[in-house]
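Student: Sharing a structure below in structure tokens format, with a few things to ask.
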């Protein structure tokens, strides 16, 4: 009787070891598939480097005097578009690249190399101050989570985007933008919350 039990125990253990071995092999196999898929996806990303040095003009504080810009006759800066993020109560226009007030000390800044929202697979790049000054339009961006939505109004059309990536880069006068070139994107850049040495990049993709 004991001999039969021993044989059964050995058989059970053998089957268990075989099962565990198969599980390990399958886990390794699927992990490799996942890594390959991620690698293939990473190959589709492109890296763009744009010039942006927010500290070139020094961030304004509430105690510093701000130059009052001359606005157009209709009370605006001749905005060519508007950025809206309802979840953080952001609603601000941006001007053209050649406008003298296309600068973070006055407005949300349109970065050289940007594409307008109507350009196929283009990338609209906007930068703004954080902090407590009256021009700190991006002061609440750090409250955003993946999936947050933003809208850009341009040429009487509204484009809706979803936040898909957030990452930090060194504050060295340039910003590396990593995005999917097959998607129309919106990139927002500002100083990293509670950091003096980094900037944060927010990548949004157009919602189909």
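Student: How much length would be gained if the chain were fully extended between residue 134 and residue 19, taking 0.36 nm per residue of separation minus their Cα-Cα distance, in nm to one decimal? The partial results should precede the final answer.
Tutor: On the way: separation 115, 0.36 × 115 = 41.40 nm, distance 6.49 nm.
The residue 134-residue 19 span can extend by a further 34.9 nm.
Student: What is the distance, in nm, between label points placed 7 Å from the Cα along the Cα-to-Cβ direction at residue 198 and at residue 145?
Tutor: Each label point lies 7 Å from its Cα, and together they span 2.0 nm.
Student: Something else now. Rounded, prolate or oblate: pick one for the stretch 131-172, where a ≥ b ≥ c are the square roots of the eigenvalues of its C-alpha gyration tensor, a/c under 1.5 means rounded, and failing that, prolate if a/b is larger than b/c, else oblate. Don't skip to the end; give the middle numbers.
Tutor: Details: a/c = 1.99, a/b = 1.33, b/c = 1.49.
Cα axes put the stretch 131-172 in the oblate bin.
Student: Classify the stretch 69-155 as rounded, prolate or oblate, taking a ≥ b ≥ c as the square roots of the eigenvalues of its Cα gyration tensor: rounded when a/c is under 1.5, otherwise prolate if a/b is larger than b/c and oblate if not. Numbers along the way, then the final one.
Tutor: On the way: a/c = 1.66, a/b = 1.12, b/c = 1.49.
Because a/c hits 1.5 or more and a/b fails to exceed b/c, the stretch 69-155 counts as oblate.
Student: Also: Calculated FRET efficiency, residue 174 and residue 98, Cβ-Cβ r, R0 25 Å, to nearest 0.05? Write out the running numbers ahead of the final one.
Tutor: Working: r = 22 Å, r/R0 = 0.87.
About 0.70, to the nearest 0.05.
Student: Assuming R0 = 30 Å, can you tell me the calculated FRET efficiency for the pair residue 167 and residue 78, based on Cβ-Cβ distance, to the nearest 0.05? Numbers along the way, then the final one.
Tutor: Details: r = 33 Å, r/R0 = 1.10.
E(calc), rounded to 0.05, equals 0.35.
FYI, it's all coordinate maths here, none of it is from the lab. Since the model is a prediction, treat every value here as computed from it, not as a measurement. Every residue, glycine among them, receives a Cβ derived from its backbone with ideal geometry; neighbour counts consider all protein chains shown.
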